[in-house]
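Data first, discussion second: the structure below is written as structure tokens.
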Amino acid sequence: MVYNRPQGTYKFTPAPLDGIRTTKSVIPSADRYSFTGRSSVFDERYEWPGHGYRDVISKKEANLPVAYDWYNIKDVFSNKVHESISEIIRLNAEVGTYNPYPYGDISLSIIEQSLADDLKISLEKIETLDGNSAKRNFLATIQNLLVRNELKYFNSNYIKRLGNTHSFNNAPKYATNNLIKDENIAYKIAKEDSADLDYTKYSGVLSDRLKYWRTIPADVNKKLVVLKEDGTEHSFTIATDDTLHVEDSGKTVNKVPYEAGDHILVNSSIVKLTSDISKAKVPTLLDSEKIFNLLREDSSITIKVATTETDNIETTYTTATGRDSYIVLNLDTASVSDLESNTSLIRSTTATYNTTTTIDTDLERKAFPNAVFYVLHDDPIIDYLIDKEQATVTFSDFSTHFFNNIDEKTYPRCIPQHIVIVPTDKTEYTPFHGRSKMGVYGTRSLKFIPHLDNDVQDSDANCSHLTHNSTTNTYTFNTAAFPNSTYYKKGSETLPRTAGPLYKALTVMKSLNTSYGTLPSVTPFVELFYRLTPSQLHSLRLDVENYKTFLSKLRLQTLSSSTSVSETFPKMGHVSRDKYITLLTYVGATETYPKLSVYTNLINKDHAPTYLKYYPNEYEDPETEQIVIGVKPGGGGVS
């Protein structure tokens, strides 16, 4: 970890997803794994992430249908695991028949109790940079990977090594119960421990780097001061796009960029700029995380990519083309703008970044700070980025910008001048295996946090992807800095990649709309769900920002703001227990997306499963505090 000097290159990893949250204990029947009338696809009392059961550990010998390359189930779990884990792994292997109840069982407590002892010990030792324990994050990671049928990609040996070597010299938790006290401590850390940005205060390589460190001009009061003949000073501010706007004799406005070392060239002559850079400080990454912890603020960075909805990237991206190269994004300085923030000591910012193939030209004037973002190679946000060639990034910095009586030091925002997106399938670079989610149709977002591994943050003097020419004192991009052999387990990407659950669901619905004759006015959701594997079915809600909103839009046939796009999917809905279900019949020779045999126990019923009789009417029994489906005493239900 870099201490007491500007870091230059920051490394980020996808943030962990939330785990399953259980708000009530709904005690299951003893035969909940038998296929009775209560077995369901829709019953949200038991379907993940529903209300869950009591965390009563009841272990079975792990007799699991697992045959994965470079993966051993015992690396993660002990010889005995909770029965729900065994059931889910069997369903992931499509062994047996579908049952939703195990998904309501797998609380984080049950996951933890089922882990291998050495992994359990390691998780107790690992902290994120803000000083909080990372145990819950890793338990949620294992839980999500189990549901998504991606546990084979989790390298528990790396996590164990991380636990054995993790030492950041930080307290277990910085924040106390006294917010005012914590704010004062946060300000003291920034004031006393932050690193100077003035290159004249350093020597050697670091001094040379800081000449290429770019801040937003207004953050350091950057300007050009000229003297008129009468000796009066006149100031010309530098625009947000890092240029001085100069009008020539022909009344044409020219944008004159400033060079490394804060000067501009006018007729080949160097003209110095003035600024408050001598007062400028930047907290180190570790100190910044401490400050955010003390202020109870979220330090994560979000990358959002919004494609044109009619491009239908979510249903057309390819899984056969290799992710064998990085993507470089360059800051559009004119796009930088402020966002609302919850505290006066935090300044939130949004900016646009565009893909670039001329990074060396950009590096001639600005190389630092920059950032490397590791992304899972099969995350659809990469396909979005390839299509759109642009991303919106939001981030937050410690700042005294909102105070007018603090002038001894300034804290300019640490905005990356360029970002490198590095696809990988390794846990070492994506320890939480976080993925993007689709919000509105055609838009995906992915949240990042600083990588918690000291070795990753410090790798190769912290700027391995830039090459410094000491003779010309310039930087160029090192195209060999991100080799496949480093970022893929097998030295190269395994193709084809697995398409995500949302891709599969949307593709199935398109097929229902085109290949099953004249659809009813409302197509039952079972027609979709019976064609998704159990892992796709239950991880579908992990692929969208709001699952209920997603289902609601399908019911209204308004998934996209474009009517033509929305109407490519059928209007989906539910069925009543009182009426028979006639499943759709494929029109053609061979059905592309047949109903899966794992749902045979449900498909073979001549009417809707019993659980649908009162769906979705439910209420909470005030005596038992259990969720009940059906008619509420005194009215309120439907019979």
Task: Identity of the residue in the stretch 544-570, at pLDDT 95 or above and charged (D, E, K, R), that ends up surrounded by the most Cβ atoms within 10 Å (Cβ to Cβ) - done: 553
Open item on the list: I'd like to know if the stretch 470-479 contains one or more residues that are open to solvent by 30 Å² or more (accessible area, probe 1.4 Å), outside any helix (DSSP H, G or I) and in contact with a Gly (Cβ under 6 Å, 6 or more places away or on another chain).
Closed with: no
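Filter the stretch 506-536 down to residues that are over 17 Å from residue 575 (Cβ atoms) and touching a residue at least 12 places away in the same chain (Cβ under 8 Å), then give me how many there are. Give the steps one after another, and end with the answer.
Initial filter on the stretch 506-536 (over 17 Å from residue 575 (Cβ atoms)): 506-508, 510-511, 513-515, 517-518, 532-536.
Now narrow it down to the ones that are touching a residue at least 12 places away in the same chain (Cβ under 8 Å): 506-508, 510-511, 513, 515, 517, 532-536.
The qualifying residues number 13.
Hey, does the stretch 447-454 have a residue that's farther than 30 Å from residue 205 by Cα and at pLDDT 95 or above?
Taking the stretch 447-454 first, the residues farther than 30 Å from residue 205 by Cα are 447.
Imposing the further condition that a residue be at pLDDT 95 or above reduces the set to 447.
Yes, because at least one residue in the stretch 447-454 is farther than 30 Å from residue 205 by Cα and at pLDDT 95 or above.
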TODO: Would you check if there is a residue in the stretch 205-223 being among the hydrophobic types (A, V, I, L, M, F, W, C), surrounded by 14 or more Cβ atoms within 10 Å (Cβ to Cβ) and in a strand (DSSP E or B)?
DONE: yes
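Restricting the stretch 484-535 to residues that are among the charged types (D, E, K, R) and more than 16 Å from residue 596 (Cβ to Cβ), which is surrounded by the most Cβ atoms within 10 Å (Cβ to Cβ)? Spell out the reasoning first.
Taking the stretch 484-535 as the starting set, the residues that turn out to be among the charged types (D, E, K, R) are 489-490, 493, 497, 504, 510, 527, 531.
Filter once more, keeping what is more than 16 Å from residue 596 (Cβ to Cβ): 489-490, 493, 497, 510.
Working: 489: 16, 490: 11, 493: 20, 497: 22, 510: 16.
Among those residues, the one meeting the criterion is 497.
It is to be established whether one or more residues within the stretch 315-328 are part of a strand (DSSP E or B), surrounded by fewer than 22 Cβ atoms within 10 Å (Cβ to Cβ) and either touching a Phe, Trp or Tyr at 6+ places or on another chain (Cβ under 7 Å) or touching a residue at least 40 places away in the same chain (Cβ under 8 Å) (or both). Please lay out each step first, then the result.
Within the stretch 315-328, the subset part of a strand (DSSP E or B) is 327-328.
Narrowing further to those that are surrounded by fewer than 22 Cβ atoms within 10 Å (Cβ to Cβ): 327-328.
Filter once more, so that each one left must be either touching a Phe, Trp or Tyr at 6+ places or on another chain (Cβ under 7 Å) or touching a residue at least 40 places away in the same chain (Cβ under 8 Å) (or both): 327-328.
So far as the stretch 315-328 goes, yes, one or more of its residues are part of a strand (DSSP E or B), surrounded by fewer than 22 Cβ atoms within 10 Å (Cβ to Cβ) and either touching a Phe, Trp or Tyr at 6+ places or on another chain (Cβ under 7 Å) or touching a residue at least 40 places away in the same chain (Cβ under 8 Å) (or both).
Residue check: is residue 590 modelled with pLDDT under 80 and in a loop (DSSP other than H, G, I, E, B)? Lay out the reasoning, then the answer.
Values: modelled with pLDDT under 80: no; in a loop (DSSP other than H, G, I, E, B): yes.
Criteria not met by residue 590.
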Task: Long-range neighbours under 6 Å by Cβ, at least six apart or interchain, first residue over 22 Å from residue 408 (Cβ atoms) within the stretch 221-238, second open to solvent by less than 70 Å² (accessible area, probe 1.4 Å) and not in a strand (DSSP E or B) - done: 224/273; 238/217; 238/222
- [ ] Check residue 76 against each of (1) open to solvent by 10 Å² or more (accessible area, probe 1.4 Å); (2) in contact (Cβ under 8 Å) with a residue 24 or more places away in the chain and name the one condition it does not meet.
- [x] (1)
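Go through the stretch 326-346 residue by residue and tally those that are under 21 Å from the mean Cα position of the chain (by Cα) and over 14 Å from residue 419 (Cα atoms). Even if it seems obvious, please write down each step before you answer.
At the first step, the residues of the stretch 326-346 found to be under 21 Å from the mean Cα position of the chain (by Cα) are 326-331, 339, 341.
Then keep just the ones that are over 14 Å from residue 419 (Cα atoms); that gives 339, 341.
Number satisfying all stated conditions: 2.
Quick test for you: out of 145, 129, 139, 162, pick the one residue that is closer than 21 Å to residue 426 by Cβ, part of a helix (DSSP H, G or I), in contact with a strand residue (DSSP E or B) (Cβ under 9 Å, 6 or more places away or on another chain) and not basic (Lys, Arg). Don't jump to the end; show me each part of the working.
Values: 145 fails: in contact with a strand residue (DSSP E or B) (Cβ under 9 Å, 6 or more places away or on another chain); 129 fails: part of a helix (DSSP H, G or I); 162 fails: in contact with a strand residue (DSSP E or B) (Cβ under 9 Å, 6 or more places away or on another chain).
139 is the lone residue from the list that is closer than 21 Å to residue 426 by Cβ, part of a helix (DSSP H, G or I), in contact with a strand residue (DSSP E or B) (Cβ under 9 Å, 6 or more places away or on another chain) and not basic (Lys, Arg).
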- [ ] Could you tell me whether any residue of the stretch 92-105 is modelled with pLDDT of 85 or more, open to solvent by 10 Å² or more (accessible area, probe 1.4 Å) and touching a Gly at 6+ places or on another chain (Cβ under 8 Å)?
- [x] no
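The values are calculated or read from the model by the stated rules, or taken from the named source; none is laboratory data. Bear in mind the structure is a predicted one, so any value in this text is a computation, not a measurement. Don't worry about glycine lacking a Cβ; one is built from the backbone with ideal geometry, like all the others, and counts go over all protein chains shown. When the accessible area is computed, the model is the full protein with side chains, heavy atoms only, and any ligands, DNA or RNA have been set aside. Shrake-Rupley method; radii C 1.70, N 1.55, O 1.52, S 1.80 Å.
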